[in-house]
Structures are given as structure tokens and as C-alpha cells.
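The values are calculated or read from the model by the stated rules, or taken from the named source; none is laboratory data. Everything quoted here is computed from the prediction, not taken from an experiment. When we count neighbours, we look across all protein chains shown, and the Cβ atoms used for this are built from the backbone with ideal geometry, even at glycine.
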Amino acid sequence: MVNAIVPGSYVPPHKHENPDKIEVFTILVGRVACLKFTPEGIIDKIYPLEEKGSIRIVDIRPRIYHSFIALEPSALLEIIQGPYHQETHKYWPQWAPKEDTPEASAYLNKLELEVNQYLKSHH
């Protein structure tokens, strides 16, 4: 599946388990940050994916909370193990707001700030 994402898009952190699924993302166009979180909701790793950068692919192991921040309009190729069942595909943490809630915007701003600070200190 191809995922399109633009700056300001909120991808709620989630994980895949029961059944456990490995997920792989490859950047096709643009620039995004892949975030991996601890079970408590602390950003553990940030991977800047850029179509012409040194990191263009990331794999997400089962049971790892993850999300994406668009740094510019982007498209990602997503490959995930099947089969797909809507009720068991994603698990949402208690510590992250759901999509389309009043808290989502503030949480996205917090994540964007952390990503931007990380990128400034690592470039």
C-alpha cells in the first residue's frame, strides 16, 4: 500500500500484535521521520527517511509503538504481514490521543518539536 502524508498530518502511535506483524516502510517521495516509542510513550528512536538520503527504508518489529511525522509532502510504500482484520490490526496506547480529538493537535506539535530538535542536533 502507498501512504501519502503531508506536514500537519497526525498518525496516532500504534503497534501490531496478536497476531504479531512485521511492517516495512520505504520512502518513495519526500521526507518523513519514523518514530519508535517505548511502551511508556517516550520516543526511543527517530529515523529520518528521505528519498535521496542515507536512510530510505525502516522495519518495525511486532509490538513496537510507532508513528510518522511528515517533514514535507511525502509518499511511503508500506508492506505488512497479513492477513488484515480491522479489529486486530492496530493497538492504540493509552498515552497517545486518538485521531480527531482536541488533544491530538497539541500532541502532534510536541512530537514535531522533538523531531525538529533531533534533526537539528544530528545534521
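Listing for the model above:
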| read-out | value |
| --- | --- |
| Breaking point among (1) modelled with pLDDT of 95 or more; (2) crowded, with 16+ Cβ neighbours inside 10 Å, for His16 | (1) |
| Condition met for Leu49 (in contact with a Leu (Cβ under 7 Å, 6 or more places away or on another chain) and in a strand (DSSP E or B)) | no |
| Any hit, segment 25-33, residues being modelled with pLDDT under 95, surrounded by 13 or more Cβ atoms within 10 Å (Cβ to Cβ) and of a type in the set (S, T, N, Q) | no |
| Strands (runs of 3 or more DSSP E) contained entirely in segment 53-95, each with at least 1 residues that are over 18 Å from Pro12 (Cβ atoms) and among the small types (Gly, Ala, Ser) | 74-80 |
| All positions within segment 8-34 that are touching a helix residue (DSSP H, G or I) at 6+ places or on another chain (Cβ under 7 Å) and either within 20 Å of Glu103 (Cα to Cα) or without any contact (Cβ under 8 Å) to a residue 40 or more places away in the chain (or both) | Tyr10 |
| Pick from segment 46-93, criterion closer than 19 Å to Tyr107 by Cβ and touching a His at 6+ places or on another chain (Cβ under 8 Å), ranking: surrounded by the most Cβ atoms within 10 Å (Cβ to Cβ) | Tyr65 |
